[in-house]
Amino acid sequence: MSEAPLVPGAVAEHTICLLVKLGQVAFRIAEDGIGGTGLRVRHYSVLQALADNGAMPQLALGSFLRIDPATMVTSLDDLERAGYAERTRDPQDRRRYAVDITTEGRKVLARLNRTLVDLDGEILADLGTTERQSLHVLLGSLAASPTLTSLFDTVREQNGGKRA
């Protein structure tokens, strides 16, 4: 194992470089941590959005999560095969599908949330309670930032929505 930091040298002087690398690291750890369920982080996001918001039109769900339509279809196919979500015709517009979480989906979601809480503890083990809370608040502020949201949506549209 290397003793070098995850972001070595002058690269670490750029906050964006720190965020990119730490995001990659956290993503890999999260994917590995929930991998025993056969699901990925994107599946978790879909299930959690459905649990939070109730049934949603498929297109609206993809927009809400900023997941491109092709990836959304694949993710929903996976979740349906596993019995965690179901698509039905939207009663307000029969041309659309409404997506909802199933009882089994709620059970696996509870398991995923417990796993993610444990992973938070492992990943942030070197930070104190106050630092963890501050980091969470700062990241939440960035995630809700109109400026960052606009920048991301612009880049995403320029790339055809393929980089979510």
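The values are calculated or read from the model by the stated rules, or taken from the named source; none is laboratory data. Owing to the predicted nature of the structure, the values given are computational and were not obtained by experimental measurement. Please note: Cβ atoms are built from the backbone with ideal geometry, for glycine as well, and neighbour counts cover all protein chains shown. Keep in mind that these areas ignore ligands, DNA and RNA; they rest on the heavy atoms of the full protein, side chains included. Shrake-Rupley method; radii C 1.70, N 1.55, O 1.52, S 1.80 Å.
Restricting attention to the range 57-68, the residues being over 20 Å from Leu112 (Cα atoms) and touching a strand residue (DSSP E or B) at 6+ places or on another chain (Cβ under 6 Å) number 2.
Might you let me know whether the range 25-42 holds any residue that is more than 16 Å from Arg114 (Cα to Cα) and in a strand (DSSP E or B)? No, because not a single residue in the range 25-42 is more than 16 Å from Arg114 (Cα to Cα) and in a strand (DSSP E or B). Pairing each residue of the range 51-70 that is over 12 Å from Ala98 (Cα atoms) and assigned to a loop (DSSP other than H, G, I, E, B) with any residue that is among the acidic types (Asp, Glu) and open to solvent by less than 80 Å² (accessible area, probe 1.4 Å), provided the two are 6+ apart or on different chains, yields C-beta distances under 8 Å for Arg66/Asp153.
Inside the range 132-154, residues that are within 21 Å of Arg28 (Cβ to Cβ) and surrounded by fewer than 11 Cβ atoms within 10 Å (Cβ to Cβ) make up a count of 1. The single condition among (1) among the hydroxyl-bearing types (Ser, Thr, Tyr); (2) under 15 Å from the mean Cα position of the chain (by Cα); (3) loosely packed, with under 11 Cβ neighbours inside 10 Å that Thr71 does not satisfy is (3).
Just to be sure before I move on: is Ala26 hydrophobic (A, V, I, L, M, F, W, C), free of Cβ contacts under 8 Å to residues at least 60 places away in the same chain and open to solvent by 30 Å² or more (accessible area, probe 1.4 Å) in the structure I sent? Here the answer is no, as Ala26 does not meet what is asked.
Evaluate the following for Thr129: is it open to solvent by 60 Å² or more (accessible area, probe 1.4 Å), among the polar types (S, T, N, Q) and within 18 Å of the chain's Cα centre (by Cα)? Here the answer is no, as Thr129 does not meet what is asked. Taking the conditions exactly as written (over 15 Å from the mean Cα position of the chain (by Cα) and without any contact (Cβ under 8 Å) to a residue 40 or more places away in the chain), does Ala98 satisfy them or not? The answer is no for Ala98.
Candidates Glu80, Glu86, Glu104, Glu157: the one that is surrounded by fewer than 12 Cβ atoms within 10 Å (Cβ to Cβ) and either of a type in the set (Asp, Glu) or within 21 Å of Glu31 (Cβ to Cβ) (or both) is Glu157.
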